[in-house]
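The values are calculated or read from the model by the stated rules, or taken from the named source; none is laboratory data. Just so we're clear, the structure is a prediction, and the values are computed from it rather than from any experiment. We place every Cβ from the backbone using ideal geometry, glycine too, and count neighbours over all the protein chains shown.
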Protein chains: 2
Amino acid sequence: MTTGFEFTCTLPEWVHDHVDFDRPYPTAEDKMRVVLDLAMRNIAEQHGGPFGAAVFDDTTDRVIGPGVNLVIPSSNPTAHAEIVAIAVAGARLGQYDLGADGSRPTTLVASTEPCAMCLGATPWSGVSTLIVGARDEDARAIGFDEGSKPDDWVAYLEGRGIGVQLDVLRDEAADVLREYMRTGGEIYNATDTGEIPPDA
Amino acid sequence: MTTGFEFTCTLPEWVHDHVDFDRPYPTAEDKMRVVLDLAMRNIAEQHGGPFGAAVFDDTTDRVIGPGVNLVIPSSNPTAHAEIVAIAVAGARLGQYDLGADGSRPTTLVASTEPCAMCLGATPWSGVSTLIVGARDEDARAIGFDEGSKPDDWVAYLEGRGIGVQLDVLRDEAADVLREYMRTGGEIYNATDTGEIPPDA
């Protein structure tokens, strides 16, 4: 906390190696590849959890807010990839409601199914669509925790007007999680809350 | 986003008027008064939602991380009071696990029951205890939404080793919410997700 009364989450410069802010990423697979690339780079740089996310402008298909898991480098247990992507998008747009401009809906893309916190954040963000790669069970298989979510969280989001697309490049997304295990990535955790660390 | 790749949440200087970082706040009521003062000031300054929170060091009873709702001033839909308090505490301690030092457990105090996102964040933070003022229904009564939480979220947290204390100065806490309504505070919302805005 530099001034004593703030916190900052900073994305690494190598985000530029994987995100071209001037080009469109038209398909769900195009969008997923971007966040999987971010997740893989986060692993390779030993920069934190194996999770990537991004908010896209649905009209231009461009990236508004990229995100990777910044829990470890920012000493912030809430700095999951989705939270970072949403917050960066808000900061870039200068508005807390990413859907405030009705003519420009937005999509949140997550390399792994959002944990309870990030799922809770999704409706607050104003995005119209959530696209997901790996499933909860893929994350749990390598020891990450997702927290307590509604059993039918997809129906919950859809009931709030948010479209959900699952299993986009799921195999590749699960491979990213396994890569983290293979390379001995730190399994961060919160001491008092059990054996298993949070996802995303 | 100042550099294009970060976001910052900054607490207002007036936090100093309500938080004395050098004194202990021993009881649950002492702690709750601090966060209710922060919530009231946030209303008076028209600075955002009527919510305050803080992370306390259980050993010294001092404030580690104060928080108010910064959704509007920081253009960040995830900047609820609890998220801010947790993130500021992590930044001050330089660790993402607020319970990492086993000899210094921490407590999160929230002026209103955490929404789904903030509830999801609570186990990830490493706090040992959650103290709550107003209830969900108090927030819903003035039009705020809490999202979808486990029916027995208290048991869920307790099952993860987090103690929960409800209804601490609940009447005063509910009064804070009503004050927000009375003074015509902005009911921020996310466009695509229904009529009701997120809590906290």
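What the table shows:
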quantity: Some residue of region A:44-54 being at the interface with chain B (Cβ under 8 Å from one of its Cβ atoms), outside any loop (DSSP other than H, G, I, E, B) and crowded, with 24+ Cβ neighbours inside 10 Å; calculated: no
quantity: Output for region A:1-43, where each listed residue is β-branched (Val, Ile, Thr), within 13 Å of chain B (Cβ to nearest Cβ) and assigned to a helix (DSSP H, G or I); calculated: A:15
quantity: Complete set of residues in region A:118-151 that are in a loop (DSSP other than H, G, I, E, B) and more than 14 Å from every other protein chain (Cβ to nearest Cβ); calculated: A:135, A:142, A:143
quantity: Residue count for region B:81-116, restricted to those that are within 10 Å of chain A (Cβ to nearest Cβ), in contact with a Leu (Cβ under 8 Å, 6 or more places away or on another chain) and touching a residue at least 60 places away in the same chain (Cβ under 8 Å); calculated: 4
quantity: For residue B:151: the one exception among (1) under 21 Å from residue B:44 (Cβ atoms); (2) surrounded by fewer than 18 Cβ atoms within 10 Å (Cβ to Cβ); calculated: (1)
quantity: Of all residues in region A:70-80 being among the aliphatic types (A, V, I, L, M) and within 11 Å of the chain's Cα centre (by Cα), the one that is farthest from the other protein chains (Cβ to nearest Cβ); calculated: A:70
quantity: Residue B:115, sole failed condition from (1) closer than 20 Å to residue B:70 by Cα; (2) modelled with pLDDT under 95; calculated: (2)
quantity: Region B:11-43, residues that are crowded, with 17+ Cβ neighbours inside 10 Å and farther than 16 Å from residue B:165 by Cβ; calculated: B:11, B:12, B:15, B:18, B:19, B:37, B:38, B:39, B:40, B:41, B:42, B:43
quantity: Scope region B:55-69; condition under 8 Å from the mean Cα position of the chain (by Cα) and either at positive phi or assigned to a loop (DSSP other than H, G, I, E, B) (or both); matching residues; calculated: B:69
quantity: Residue A:48 touching a strand residue (DSSP E or B) at 6+ places or on another chain (Cβ under 9 Å), more than 20 Å from residue B:69 (Cβ to Cβ) and at pLDDT below 95; calculated: yes
